[in-house]
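The values are calculated or read from the model by the stated rules, or taken from the named source; none is laboratory data. As the structure is a computational prediction, the values presented were derived from the model and not from experiment. In this analysis, Cβ positions are derived from the backbone assuming ideal geometry, glycine residues included, and neighbour counts consider all displayed protein chains.
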Amino acid sequence: MNKLVALILLLQNSSSVSDNLQANQNNNITRPTSNRISGPLRKSPLENFQMRYVLDSDFHFTFYNKDHPKGIEMLKDEHYKNILPQVFPDKPVRFITHGWKASCKAGFCTELRDEYLKNEDNQVIIAEWESLSNEIEYFEIVEQTGEFAVIFSKALTPVVEKVHGENVQIIALGVGAHLCGIAAELITNTTKMKIGRITGLDPSWRSFEIPIYGLQKSQATFVDIIHTTAGSSGIPEPRGHVDFYPNGGIVPQPGCRRRFMRFALDKCSHNLSWGWFKNTINSQPKNYKMGYRCTSGKILNIFYCNFNDVTPFGQMTPASARGVYYLEIKKWPFPSNRKEFNKNETKKIEVQSRIKELRFFLCL
């Protein structure tokens with residue numbers, strides 16, 4: 001991983017790469033073979049596949065605080081420093097981003113943002129890459145892990161330098177958690193300051209099976225992970241300082257109908273990771289959901305857990321917490337009823353997306 005980070009840092013400082021990015025605006029160009037850094041794992045399984053090139057212009061970063069509830073766009077042309085006069089150096093910053101086939105225009109990012117901004121001390125940055133997320137294949141993200149990490153680190157580094165790394169929390173969903181983990185490592189190498197906390201919401205498992213790739217606890221002072229599709233589409237083993245496995249962390253989670261296609265079951269269970277986390281952001285101590293510490297992170301069973309060793313679940317988890325925790329959550333975390341939610345989730349699983357998934361698995 002140290003070699004990967006060193007290579008990415010070279011890329012970040014390379015003017016030739018910057019020229020390349022501007023010269024290749026076509027969305028369907030072939031991935032160059034020189035002056036680029038590939039992701040840490042396998043190459044595209046599809047022969048003659050035209051790699052979608054990741055560009056800075058594919059990403060949009062917006063800053064929010066009590067004085068700017070509608071947000072200020074962070075400008076690439078100003079090296080993302082245009083918002084610095086609006087940043088309070090003594091208040092925490094929450095950096096939020098989504099994963100593959102997702103968006104920050106509604107749902108996950110906006111709901112977390114609104115919850116955080118209920119407390120005037122919070123400042124929020126939302127990283128939106130919806131067009132890229134919905135356009136490219138999953139393995140293209142894996143292939144270009146380095147490029148994603150560089151872009152995230154470029155946007156966040158000026159803020160880290162102003163508020164100090166310990167005042168920054170990254171909250172990322174799915175594959176976004178892995179990308180942000182590597183970005184945090186780059187920021188540490190650049191600023192010599194470690195990110196205070198990374199919260200991984202059901203980080204993706206596919207292509208990140210080896211623990212040394214993607215999100216790991218060395219990348220921040222405190223890394224907490226919530227598993228809701230463990231062993232299915234999410235990583236099964238603990239990789240943070242503390243790992244929570246609601247209802248055992250497996251598919252299907254409560255409210256996700258068993259008659260769904262497997263893809264929809266995973267999607268429904270996956271989304272519960274951020275729904276349950278959101279409900280903890282402004283919770284009072286009397287409403288804390290407690291996790292019970294367990295001796296195993298592979299096969300979780302309530303009988304292997306210590307009911308006397310508990311810690312709060314979600315945003316209120318203390319940075320001193322360590323280990324694997326089991327908890328039961330039956331309450332549906334979304335404002336809409338289960339029937340409507342399930343119906344909407346089913347609609348999102350389009351035939352074309354299923355075919356792409358199947359093509360990926362068959363080519364491995």
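Can you pull out every residue in the range 83-117 that is of a type in the set (S, T, N, Q) and either more than 16 Å from V160 (Cβ to Cβ) or assigned to a helix (DSSP H, G or I) (or both)?
Step one: of the range 83-117, the residues of a type in the set (S, T, N, Q) are 86, 97, 103, 110.
Those that are of a type in the set (S, T, N, Q) and either more than 16 Å from V160 (Cβ to Cβ) or assigned to a helix (DSSP H, G or I) (or both): Q86, S103, T110.
Can you pull out the residues in the range 121-151 that are in a strand (DSSP E or B) and under 16 Å from the mean Cα position of the chain (by Cα)? Can you show your working first?
Restricting attention to the range 121-151, the residues satisfying the condition of being in a strand (DSSP E or B) are 123-128.
Scanning the range 121-151 gives V124, I125, I126, A127, E128.
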**Report entry** Residue list for the range 191-210, restricted to those being in contact with an Asp or Glu (Cβ under 9 Å, 6 or more places away or on another chain) and either part of a helix (DSSP H, G or I) or without any contact (Cβ under 8 Å) to a residue 24 or more places away in the chain (or both)
**Finding:** T191
Query raised in the report: Would a scan of the range 100-120 turn up a residue that is crowded, with 22+ Cβ neighbours inside 10 Å, within 22 Å of L186 (Cα to Cα), touching a residue at least 40 places away in the same chain (Cβ under 8 Å) and within 16 Å of the chain's Cα centre (by Cα)?
Result: no
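In the range 220-227, is there at least one residue being surrounded by 24 or more Cβ atoms within 10 Å (Cβ to Cβ) and in a helix (DSSP H, G or I)?
no
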Query raised in the report: How about the range 162-190: which of its residues are within 21 Å of W274 (Cβ to Cβ) and assigned to a loop (DSSP other than H, G, I, E, B)?
Result: G174
Requested in this report: Give just the number: which of (1) among the hydroxyl-bearing types (S, T, Y); (2) part of a loop (DSSP other than H, G, I, E, B); (3) touching a strand residue (DSSP E or B) at 6+ places or on another chain (Cβ under 8 Å) does Y213 not satisfy?
Outcome: (3)
**Report entry** Pairs, first under 15 Å from A127 (Cα atoms) and in contact (Cβ under 8 Å) with a residue 40 or more places away in the chain in the range 60-77, second β-branched (V, I, T) and assigned to a helix (DSSP H, G or I), C-beta under 9 Å, six or more apart
**Finding:** F63/V159; M74/V159
Query raised in the report: Taking L327 and the conditions (1) modelled with pLDDT of 85 or more; (2) exposed (fewer than 13 other Cβ atoms within 10 Å of the Cβ); (3) in contact with a Pro (Cβ under 7 Å, 6 or more places away or on another chain), which numbered condition does it fall short on, given that it satisfies the others?
Result: (2)
**Report entry** Top-ranked residue in the range 81-93 [being over 20 Å from Y116 (Cβ atoms) and not charged (D, E, K, R); ranked as surrounded by the fewest Cβ atoms within 10 Å (Cβ to Cβ)]
**Finding:** P85
**Report entry** Some residue of the range 248-269 being modelled with pLDDT of 95 or more and among the hydrophobic types (A, V, I, L, M, F, W, C)
**Finding:** no
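Residues in the range 180-193: is at least one of a type outside the set (S, T, Y), farther than 25 Å from D58 by Cβ and surrounded by fewer than 23 Cβ atoms within 10 Å (Cβ to Cβ)? Let's see the steps before the verdict.
First, the residues of the range 180-193 that are of a type outside the set (S, T, Y): 180-187, 189, 192-193.
Now restrict to residues that are farther than 25 Å from D58 by Cβ: 192-193.
Right, trim to surrounded by fewer than 23 Cβ atoms within 10 Å (Cβ to Cβ) and you get 192-193.
Within the range 180-193 (the criterion being of a type outside the set (S, T, Y), farther than 25 Å from D58 by Cβ and surrounded by fewer than 23 Cβ atoms within 10 Å (Cβ to Cβ)), the answer is yes, since at least one residue qualifies.
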Query raised in the report: Can you name the number of the only condition in (1) over 20 Å from G181 (Cα atoms); (2) surrounded by 20 or more Cβ atoms within 10 Å (Cβ to Cβ) that L75 fails?
Result: (2)
